[in-house]
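Q: I have a structure here, written as structure tokens, and I will follow up with some questions on it.
No lab work stands behind these numbers, since they all come straight from the coordinates. Computed from a predicted model, the values in this text were never measured in an experiment. Please note: Cβ atoms are built from the backbone with ideal geometry, for glycine as well, and neighbour counts cover all protein chains shown.
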Amino acid sequence: GAGVSQSPSNKVTEKGKDVELRCDPISGHTALYWYRQSLGQGLEFLIYFQGNSAPDKSGLPSDRFSAERTGGSVSTLTIQRTQQEDSAVYLCASSLQVWGDNEQFFGPGTRLTVL
Amino acid sequence: GENVEQHPSTLSVQEGDSAVIKCTYSDSASNYFPWYKQELGKRPQLIIDIRSNVGEKKDQRIAVTLNKTAKHFSLHITETQPEDSAVYFCAAESKAGTALIFGKGTTLSVSS
């Protein structure tokens, strides 16, 4: 079946603008995660969703970052008033359950460039 | 919070040699430790994982060892091939047992 998809694949924006990144998880996967990968860095956890439970927002770097997951499926990561340091690849992943011992399947990522 | 340290950051080996990547974690309650491989321009993919109830797991040329007392786990690749060249990430589950905390990655280069 289809894997995790993300859109857009690339996004160039000007400093101060808002951006929205979209993630479509694998059908049936109840857990969804957002990560940020800066150049030469590891995968930085941002936020995760499990079903209808309140999301774990502990990884969000500032209040400019927010995310929603509608209907337990598609998720949108929003970055308000973008800054140059927000430039990175934003990866979404999904898994069958929230417990960490379930394989996370990653999407292709959205490369965000803030000028 | 949970912290995962990964070494080395880069590793160059000749084809056929072995490669070892080491990670340490801080949260003694972590019970799940996956390894992901990310080829250039592609998404990370799980290659092997280990749970805390075992000390070693092997899958063909890849093996992972875990020392819970030392909070240390390692990836071993034997008989390396050029297609093993990639960035490898170790991870440990977070305190809440939900998200994964990743190391900063090891860039492995296998030359023929």
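Q: Amide H neighbours of residue A:113 under 5 Å, counting only residues 5+ apart in sequence or on other chains, H built in-plane at 1.01 Å?
A: Amide H neighbours of residue A:113: A:11, A:12, A:13.
Q: Turning to a different aspect of this structure: Please figure out what share of the DSSP beta bridges in chain B is antiparallel and state it in percent, rounded to the nearest 5. Walk me through the numbers before you get to the answer.
A: Working: 36 of 41 bridges.
Of the beta bridges lying entirely in chain B, close to 90 percent run antiparallel.
Q: Please identify which residues in segment B:70-112 have an amide N closer than 12 Å to a label point set 7 Å out from the Cα of residue B:52, following the Cα→Cβ vector.
A: B:70-72, B:93-97
Q: Averaged over its residues, how many other protein chain Cβ atoms are within 10 Å of peptide A:6-17's Cβ atoms?
A: Working: counts 1, 0, 0, 0, 0, 0, 0, 0, 0, 0, 0, 0.
Taking all residues of A:6-17 together, the mean is 0.
Q: Build a GNM of chain A with springs between Cα atoms under 10 Å: which of A:104, A:80, A:41 gets the top mean-square fluctuation?
A: A:41
Q: Give the separation of the Cα centroids, segment B:54-112 to segment A:1-59, in Å.
A: Result: 24 Å between the Cα centres.
Q: Moving on. Per-residue Cβ counts within 10 Å, from other chains only, averaged over B:46-57: what number is that?
A: Details: counts 4, 0, 0, 4, 1, 1, 1, 0, 0, 0, 0, 0.
Mean shielding by partner chains, rounded to a whole number: 1.
Q: Would you mind getting me the FRET efficiency between residue A:9 and residue B:17? Use the beta-carbon distance for r and R0 = 41 Å, nearest 0.05.
A: Details: r = 36 Å, r/R0 = 0.88.
Working from the Cβ atoms, E equals 0.70.
Q: Under 20 Å between C-alpha atoms is the cut-off here; go through chain B and count lysine pairs that meet it, provided they're at least eight residues apart or on different chains.
A: 18
Q: Quick one: among B:16, B:41, B:55, which has the greatest mean-square fluctuation in a GNM of chain B with alpha-carbon springs under 10 angstrom?
A: Highest fluctuation among the options: B:41.
Q: Considering every residue in A:41-49, what mean count of other chain Cβ atoms within 10 Å of its Cβ is obtained?
A: On the way: counts 3, 11, 11, 3, 9, 1, 1, 5, 0.
The shielding value for this peptide is 5.
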